[in-house]
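The values are calculated or read from the model by the stated rules, or taken from the named source; none is laboratory data. Quantities reported herein were computed from a predicted structural model and do not represent experimental measurements. Neighbour counts run over all protein chains shown; Cβ positions are idealised from the backbone, glycine included. Side chains are part of the model used for accessible areas, which takes the heavy atoms of the whole protein and leaves out ligands, DNA and RNA. Shrake-Rupley method; radii C 1.70, N 1.55, O 1.52, S 1.80 Å.
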Amino acid sequence: TFVVGDNCIKCKHTDCVEVCPVDCFYEGPNFLVIHPDECIDCALCEPECPVDAIFSEDELPAGQEVFLELNAELAEVWPNITEKKDAPADNEEWDGVENKLQYLER
Ligand code: SF4
Ligand code: F3S
């Protein structure tokens, strides 16, 4: 499966949802997740993210292993998203900020 990682938090560009052939993205207040049981590993979403927040589960950066379980957990409770929407107004300030997990809203 592919996994949405730390840098999506508070950036949330949503370009990823437009290319997913199986519509397996789910939306929280300031983060998106991929449903691991629905993702078909097509890899189309990975290059679409402007802030490089999507990884194959085998290539998750060190320290982001927790996002594998987090995507699975939140995809069960958050609503599906299939259409791009505007990113948060302050998204540029948050690109590349480390350890954004503390800012995750549920
Ligand atoms: Fe969707 Fe493909 Fe990305 Fe999986 S890898 S979330 S199927 S676009
Ligand atoms: Fe997040 Fe990148 Fe998608 S910022 S919403 S993973 S395009």
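Under 7 Å by Cβ, and 6 or more places apart or on different chains, what pairs join a residue from the range 26-47 that is among the small types (Gly, Ala, Ser) with one that is more than 7 Å from ligand 1 (Cβ to nearest atom) and open to solvent by less than 20 Å² (accessible area, probe 1.4 Å)?
Short answer, once both residue conditions are applied: Gly28/Leu74.
Just checking, how many residues over the range 1-19 are in a helix (DSSP H, G or I) and among the β-branched types (Val, Ile, Thr)?
Counting residues in the range 1-19 that are in a helix (DSSP H, G or I) and among the β-branched types (Val, Ile, Thr) gives 2.
Filtering the range 18-37 down to residues that are among the β-branched types (Val, Ile, Thr) and crowded, with 22+ Cβ neighbours inside 10 Å, which residue is nearest to Leu101 (Cα to Cα)?
Per the criteria, the residue is Val33.
Can you spot a residue in the range 52-59 that is away from ligand 1 (no atom under 15 Å from the Cβ), open to solvent by less than 100 Å² (accessible area, probe 1.4 Å), closer than 16 Å to Cys8 by Cα and not in a helix (DSSP H, G or I)?
no
Residues of the range 82-95 being open to solvent by 50 Å² or more (accessible area, probe 1.4 Å) and assigned to a loop (DSSP other than H, G, I, E, B), which ones?
Thr82, Glu83, Lys84, Lys85, Asp86, Ala89, Asp90, Asp95, listed by residue number.
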